[in-house]
Amino acid sequence: MIRRLLLVLLFVAVAALPARADQKDPRLPGLFDQLKRAPSNDAATEIESQIWTIWFQSGDTEIDKLLDAGSQAMNARDYPAALDAFTRIVTKRPDFAEGWNRRATLYYVMGEYQKSLADIDRTLALEPRHFGALSGLGLVDLHLDRIEDAAKAYEHVLAINPQSKDTQDTLDMIYAVLKRKSI
């Protein structure tokens, strides 16, 4: 009887914990397999959306609110408020990849490329398959005129998501630039 009561209490305690998604979510490996085998760009885009949804869920209500507030502030070009929100996220939850990725994006928008690169590195250390961070890495490399590095970043995105038409188009433009430079 006591054992059964303990099991029920344990079940209730576990059920009361917030659902944690983020980059450690057990659904991600299957989604990344589907992404790699997606038959079309449209199918891949739908799978990407599911992955983004998971990445944006920290499992912590306060962090999720900060992520939303920071994203809204960034969209409204209130960069100080966005920076405050994202910095609070990475300080409180340094293991949450999307906090680093959002701040890296903000730093990119602000023209703070070295800071963006540092946060992209943190994102990729936590989630090496983060195609958003890899695309951001390519953008930063392009702005820093590191064309070959940008190509590598976009090639990595295509290894994760071979159907990404935008990535392929960007990579084709980079290859054309590299070809002209070699002439």
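The alpha-carbon of Lys36 sits under 17 angstrom from the alpha-carbons of these lysines, leaving out residues fewer than 8 places away in its chain: Lys165.
On a 0 to 90° scale, report how tilted helix 97-109 is relative to the longest principal axis of the chain, with both axes built from alpha carbons and the result rounded to the nearest 10. For helix 97-109, the angle is close to 40 degrees.
Summing Cβ point charges (Lys, Arg +1; Asp, Glu -1) relative to the Cα centre of region 127-183 gives a dipole of roughly 160 debye.
Taking the Cα atoms only, what angle lies between the long axis of helix 28-37 and the longest principal axis of the chain, rounded to 10 degrees? It works out to around 30 degrees.
If you take the Cα Rg of region 20-182 and divide it by 2.2 N^0.38 Å, with N the number of residues, what do you get? It would help to have the intermediate numbers written out before the result.
Numbers: Rg = 15.9 Å, N = 163, 2.2 N^0.38 = 15.2 Å.
Relative to the 2.2 N^0.38 Å estimate, region 20-182 comes out at 1.05.
Distance from the C-alpha centroid of region 165-183 to that of region 54-121: 30 Å, rounded to the whole angstrom. Listed by chain and number, the lysines whose alpha-carbon sits under 27 Å from that of Lys92, ignoring those within fewer than 8 places in the same chain, are Lys24, Lys65, Lys115.
In whole percents, the pair-distance distribution calculated for region 119-183 from its alpha-carbon pairs, binned every 10 Å from zero, is 24, 53, 20, 3.
Bear in mind that the values in this text are calculations on the coordinates, not laboratory data. Just so we're clear, the structure is a prediction, and the values are computed from it rather than from any experiment. With ideal geometry, Cβ positions are generated from the backbone for all residues, glycine too; neighbour counts draw on all protein chains shown.
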